[in-house]
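Notes follow once the structure below has been shown.
The values are calculated or read from the model by the stated rules, or taken from the named source; none is laboratory data. Fair warning: this is a prediction, and the values are worked out from it, not measured in the lab. Positions of Cβ are backbone-derived with ideal geometry, glycine not excepted, and every protein chain shown enters the neighbour counts.
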Amino acid sequence: MAQIDAFFKLMNEQGASDLHLSSGSQPILRIRGELERIKYNVLENDELKTLLYEITPEEKIKQFEETGDLDFAYEIPGLARYRVNFFRQLYGVGAVFREIPSKIATVEELGLPMVIKRLALLPKGLVLVTGPTGSGKSTTLAAIIDHANRSRKDHILTIEDPIEFVHPNINCTINYREIGRHTRSFAAALRGALREDPDIILVGEMRDLETVSLAVEAAETGHLVFATVHTISASKTVDRIIEVFPADQQAQIRATLADAIRAVISQTLFKRIDRKERIAALEIMIATHAVRNLIREGKTYQIPSVIQTGKKYGMQSLDDAIMDYLKKGWISGEEAYNKCIAKEKFKPFMGDLVTDFTEI
């Protein structure tokens, strides 16, 4: 057993999502979204390097020494997998570990709307799960893939950096490819994927023009593609995809994307006040005929209005999801106000307290 494994066991016992180890600091856990220091000695650079390098493959150590940045996955059988990032900082090395639970939560266990399960059964198209870093995108995608795995008899191919959730083969065959380990890049893996007979492709992150272009092409040519994007709403997600392309190609990608897209799920995490856990509030856009027309015509600013009136299709606005949680007593008025879109609607739940003075 590696020395560092003791920290991971403590993470598990405390229900922490992240472990921060930095030279010149005590170890820190993120519990329910807040950082809490561990009662432990301040870590020295050489001591921390020894701890980290004990679990790091030789070729990864070489990569880190050369570049100062490193991503990979680490697993403790029977406990969990961890998404790992090493970096250099002022006082030496640093590392952040994100726990990836060994048990994959279902759509029901996560409390997600049932329309999410229907997305797993689509024959083709592009489904995007968006939100800031640490908002639970990977967990939502894992629940969708889990439902597909139980309900379909297909080939699922994941392209990730690094590999996160690992599913047992239930009814589907699942292959996992890690950037830098099994393939050179997202784009290279996507080009190869089209010759690997996949029915469903999971792209860990759409980072650049080539990856976006290939993902849209795969969705358009009969594959069901799931991917993540770092955006905060459905309309901004569509804009981000289009803005990746040069100006002279944007009209064409609008038309292509309008045909390929099936849904955008944009989520924000909240601390529950009724129990010790967090919950995701979702904005859900389903690509109805009206939504597709808005994308083609460059009127994405009207998408929120279509979401508001599209409840019969399974759509919901972020503010409606937040208000539902607030009325159930699951989240605080302060956090609801800070993370909502239409501030006026949530002011009555705040009293005289306004935590973000720029919103006044």
All positions within the stretch 140-171 that are in contact with a helix residue (DSSP H, G or I) (Cβ under 9 Å, 6 or more places away or on another chain), hydrophobic (A, V, I, L, M, F, W, C) and farther than 15 Å from L224 by Cβ: A143, F165, I170
Against the definition (more than 22 Å from I201 (Cβ to Cβ) and either surrounded by fewer than 19 Cβ atoms within 10 Å (Cβ to Cβ) or in contact with a Phe, Trp or Tyr (Cβ under 6 Å, 6 or more places away or on another chain) (or both)), how does P113 come out, yes or no? yes
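If you take just the helices (runs of 4 or more DSSP H) that sit entirely in the stretch 250-360, which of them hold at least 2 residues that are crowded, with 19+ Cβ neighbours inside 10 Å and touching a helix residue (DSSP H, G or I) at 6+ places or on another chain (Cβ under 9 Å)? Steps first, please.
Values: elements: 250-260, 289-296, 303-308, 318-327, 333-339, 343-346.
Ranges flagged: 250-260, 289-296, 303-308, 318-327, 333-339.
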Mind telling me which of the residues P162, P168 ends up being touching an Asp or Glu at 6+ places or on another chain (Cβ under 9 Å), in the same structural domain as S213 (by TED's automatic domain parsing) and either in a loop (DSSP other than H, G, I, E, B) or under 27 Å from A258 (Cβ atoms) (or both)? P162
Do we find that E220 is in contact with a strand residue (DSSP E or B) (Cβ under 6 Å, 6 or more places away or on another chain), surrounded by fewer than 19 Cβ atoms within 10 Å (Cβ to Cβ) and in contact (Cβ under 8 Å) with a residue 24 or more places away in the chain in this structure? no
Restricting the search to the stretch 58-74, which residues are under 26 Å from the mean Cα position of the chain (by Cα) and surrounded by 12 or more Cβ atoms within 10 Å (Cβ to Cβ)? K60, Q63, F64, G68, L70, D71, F72, A73, Y74
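If you take the residues of the stretch 223-249 that are among the acidic types (D, E) and within 16 Å of Y301 (Cβ to Cβ), which of them is surrounded by the most Cβ atoms within 10 Å (Cβ to Cβ)? Give the derivation first.
First pass over the stretch 223-249, keeping only residues among the acidic types (D, E): 239, 243, 248.
Add one more test, that the residue is within 16 Å of Y301 (Cβ to Cβ), and what stays is 239, 243.
Values: D239: 17, E243: 12.
Of everything passing the filter in the stretch 223-249, D239 is surrounded by the most Cβ atoms within 10 Å (Cβ to Cβ).
Counting only residues that are out of contact with any Asp or Glu (no Cβ under 7 Å at 6 or more places or on another chain) and within 30 Å of D319 (Cβ to Cβ), give me the strands (runs of 3 or more DSSP E) lying completely in the stretch 173-240 with at least 2 of them. Talk me through it step by step, then tell me what you get.
Numbers: elements: 173-178, 200-203, 224-229.
Counting at least 2 such residues, we get 200-203, 224-229.
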